[in-house]
Every structure is written in structure tokens, then in C-alpha cells.
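Colleague: I have a structure I would like to understand better, so I am pasting it below and will then ask my questions one at a time.
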Amino acid sequence: VEIRVASFDAPPPGRFHLIYGIESLIHSADPAATIRNLASALEPGGWLVVVDDMPKGEMPAEARRRFDGFRRFWRAPIAPTRAGWRAALEGAGLEVTHERDLTPLLRVRNMAEAAPRLRAIAWKQRLLGPLAVRLEAEIGGIYLETLQTEGFVD
């Protein structure tokens with residue numbers, strides 16, 4: 001087993017039997033190009049496993065505000081839907097052989113349950129000012145969690 005840490009926006013050197021991305025490919029500025037690059041590094045018959053958050057499409061304005069906040073705080077510029085990921089995979093010449101929705105395995109909260117934590121984070125942000133950047137990831141995670149609870153993201 002060899003593990004490499006590098007940008008997924010450039011094809012890794014060599015050929016691989018398995019490449020997987022767990023909650024990482026959503027951060028790509030061009031998911032289709034990233035998938036093509038990764039697919040080009042697969043051995044014939046190799047596997048590319050993508051485990052990521054996928055918006056279902058249209059959502060009400062308030063949910064869209066949280067989704068946009070999630071994308072901003074988690075640095076996820078595109079955040080493709082399931083259909084977008086599937087098109088990128090097929091466009092790279094890959095065959096989708098298996099899909100599994102992992103949403104039922106998540107511990108999720110709705111907005112009412114998340115509100116106290118969001119208020120506490122807002123207080124810390126005011127207190128810490130520019131030093132509060134790390135709190136953005138937690139806010140993004142809470143937004144994502146509530147969107148999953150409400151069925152807007154798988």
C-alpha cells in the first residue's frame with residue numbers, strides 16, 4: 001500500500017488499481033477535469049471510489065443560503081449533484097457499477113437542534129475576530145448536517 005498526499009487536480013504519477021476520494025473531490029474547482037485526471041491514472045479494470053456530499057438540486061431560499069455558506073466555508077466551489085458526478089465519471093470513460101446513499105448512517109440535526117451551537121460559534125467569532133477562521137469549517141459542517149436532515153443533500 002502506498003499513500004500519496006498531493007493535489008488531485010494533476011494526474012498522480014504511475015498507475016493505480018484503486019483511487020478513492022472521501023469528502024475531498026467536492027473541493028475541486030473543476031470536478032470533471034479532476035475525475036478525468038484520476039481516471040487516466042487507473043489501471044485497466046481499476047476502481048475510482050467517490051464518497052462525497054451531493055446536493056439534490058433546487059432548494060428553498062433559506063436552505064440555499066445555508067448551502068452557499070457550506071460551500072464557502074468548506075471551499076467547495078462547484079459541489080456537483082449526483083447527476084453532475086455521474087456525468088463527470090461517464091465523461092471520463094468510467095462505468096458506474098455501484099451507488100450507495102450513506103445518508104441514513106449520518107448523525108444529523110435540524111436547524112432547531114443546531115441553533116444553540118451556531119449562536120455559540122457566532123459569539124466566539126465576535127470575540128476572536130480574524131482568529132476565528134477555523135470556526136468556519138464547523139459552521140459549514142453544521143449547515144451541511146441540517147441540509148442532510150432536511151433532504152436537500154445526500
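The values are calculated or read from the model by the stated rules, or taken from the named source; none is laboratory data. Everything numeric here is computed off the predicted structure, so don't read it as measured data. Cβ atoms come from the backbone with ideal geometry, glycine included; neighbour counts cover every protein chain shown. When the accessible area is computed, the model is the full protein with side chains, heavy atoms only, and any ligands, DNA or RNA have been set aside. Shrake-Rupley method; radii C 1.70, N 1.55, O 1.52, S 1.80 Å.
Colleague: Along the positive direction of the dipole of segment 1-149 (beta-carbon charges: Lys, Arg +1; Asp, Glu -1; about the Cα centre), which of 24, 141, 128 reaches farthest?
Modeller: Of the options given, the answer is 128.
Colleague: For segment 58-154, give the percent of accessible area contributed by carbon and sulfur heavy atoms, probe 1.4 Å, rounded to a whole number.
Modeller: About 57 percent, which is the carbon plus sulfur part of the accessible surface.
Colleague: Report the gain in length on full extension from residue 20 to residue 75: 0.36 nm times residue separation, minus Cα-Cα distance, nm rounded to one decimal.
Modeller: In short, 17.8 nm is gained.
Colleague: Same structure again: Could you pull out every whole DSSP H run in the chain that spans at least 15 Å of Cα extent along its own axis and averages 1.0 or higher on the Kyte-Doolittle scale?
Modeller: Answer set is empty.
Colleague: Given the peptides 12-20, 24-32, arrange them by the average over their residues of other C-beta atoms within 10 Å, most packed first.
Modeller: Highest to lowest by the protection proxy: 24-32, 12-20.
Colleague: Under unit Cβ charges (Lys, Arg +1; Asp, Glu -1), what dipole magnitude, rounded to 20 debye, does the chain have relative to its Cα centre?
Modeller: Roughly 660 debye, rounded to the nearest 20.
Colleague: So, one more: Mind checking the full-extension length gain between residue 124 and residue 96? Use 0.36 nm per residue of separation minus the Cα-Cα distance, one decimal, nm.
Modeller: Here the answer is 5.7 nm.
Colleague: For a bin width of 10 Å, list the pair-distance distribution of segment 100-152 built from all Cα-Cα distances, rounded to whole %.
Modeller: All Cα pairs, binned at 10 Å, distribute as 24, 45, 23, 7, 0 percent.
Colleague: Which one is right for this structure if Cα Rg over 2.2 N^0.38 Å is calculated from it: (1) 0.95; (2) 1.24; (3) 1.16?
Modeller: Correct label is (3).
Colleague: Taking the Cα-to-Cβ direction at residue 2 and at residue 51 and moving 7 Å from each Cα, how far apart do the two end points lie in nm?
Modeller: Result for the modelled spin labels: 2.4 nm.
Colleague: What does the charge count around residue 45 come to, taking other residues whose C-beta lies under 12 Å from its C-beta (Lys +1, Arg +1, Asp -1, Glu -1)?
Modeller: Surrounding charge for residue 45 is -1.
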